[in-house]
1. So the check is Cβ under 6 Å with 6+ separation or different chains; which pairs have a first residue in region 222-244 that's farther than 22 Å from Ile159 by Cβ and a second one that's within 12 Å of the ligand (Cβ to nearest atom) and aliphatic (A, V, I, L, M)?
2. Which one of these is part of a helix (DSSP H, G or I) and either touching a strand residue (DSSP E or B) at 6+ places or on another chain (Cβ under 6 Å) or under 18 Å from Pro121 (Cα atoms) (or both): Phe184, Phe188?
3. If Leu189 satisfies every condition in (1) within 11 Å of the ligand (Cβ to nearest atom); (2) closer than 16 Å to Gly85 by Cβ but one, which is the exception?
4. Kindly provide the set of residues from region 144-174 that are within 16 Å of the ligand (Cβ to nearest atom) and surrounded by 19 or more Cβ atoms within 10 Å (Cβ to Cβ), ordered by number.
5. Look through region 217-236, keep the residues that are outside any strand (DSSP E or B) and of a type in the set (Gly, Ala, Ser), and return whichever of them is surrounded by the most Cβ atoms within 10 Å (Cβ to Cβ).
Amino acid sequence: MPKLVVANWKLNPGTEREAVRLARATDARKAVLCPPFPFMGAVRRAVKHAALGGQDAFWKERGPFTGESSASMLRSLGARYVILGHSERRMHLGETDGMIAKKVRAALSAGLRVILCVGEPKEIRRKGLIAAKRFVADQLKKDLSGFYNLKPKTSHLVIAYEPIWAVGTGVPDRPEDSARMAAFIKSFLKSKTYYLEPKVLYGGSVNGRNAAGFFGQRDIDGALVGGASLKPNEFRRILAAARP
Ligand code: PGA
């Protein structure tokens, strides 16, 4: 299976012109580019190969919700994917599992592919991988509540395993440990629905040097890349490592 490489630009770059330059420099068939909302249209026009994704989407389609963007609005801008439940939104914006579950259902109903982020904090991981698995299972249970009733297709759910302590720190997880977690996530979801076998990505300080180590793991189907997605050379190295 080809690996999927998702670029999470977060709150970067500063201008539309820079966004277009970055999009052109990182345009590739197996890439999903997730720019900030204001740059979405310009990035769509700039790329020939990459798919487009949003970094969030609200659970209502329209109405008095100042500052929000809906999944159907993202679709109308050409997005195929949306990142939901990122740890930075959970941390800085108080996103709860209940809110994330509503967003997951709304995005799926609007026809977007959901990239759901889960991952444990350092104090849990310190207790060991079993404690981390328990934490992630609890997040999956809550974030996907009501989701199975929508009879999702396997291709419409992607899980990004991002241990919080590895995000933006320069300290990635060990590929073998994240592969164990990815295998666990797959078997957990399979136990909920006999057919759902989503891709599981690893995210957290992936760069051009360490990407191959993650992609070499059978259960890791790609990467969610933050910082390195803003550096075209680095991102291209990750894409090169993702070649099957
Ligand atoms: P990072 O971010 O690659 O900068 O660690 C990953 C993410 O937040 O998705």
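1. Sorted first by the residue in region 222-244, then by its partner, the pairs are Glu234/Ala228.
2. Testing whether each residue is part of a helix (DSSP H, G or I) and either touching a strand residue (DSSP E or B) at 6+ places or on another chain (Cβ under 6 Å) or under 18 Å from Pro121 (Cα atoms) (or both) leaves just Phe184.
3. Among (1) within 11 Å of the ligand (Cβ to nearest atom); (2) closer than 16 Å to Gly85 by Cβ, the lone unmet condition for Leu189 is (1).
4. Across region 144-174, the qualifying residues are Val158, Ile159, Ala160, Tyr161, Glu162, Pro163, Ile164, Trp165, Ala166, Val167, Pro172, Asp173.
5. That would be Ser229.
Only the coordinates and a few stated rules stand behind these numbers; no lab work does. Keep in mind it's a predicted model, so treat the numbers as computed, not measured. Positions of Cβ are generated from backbone atoms using ideal geometry, with glycine treated the same way; all protein chains shown enter the neighbour counts.
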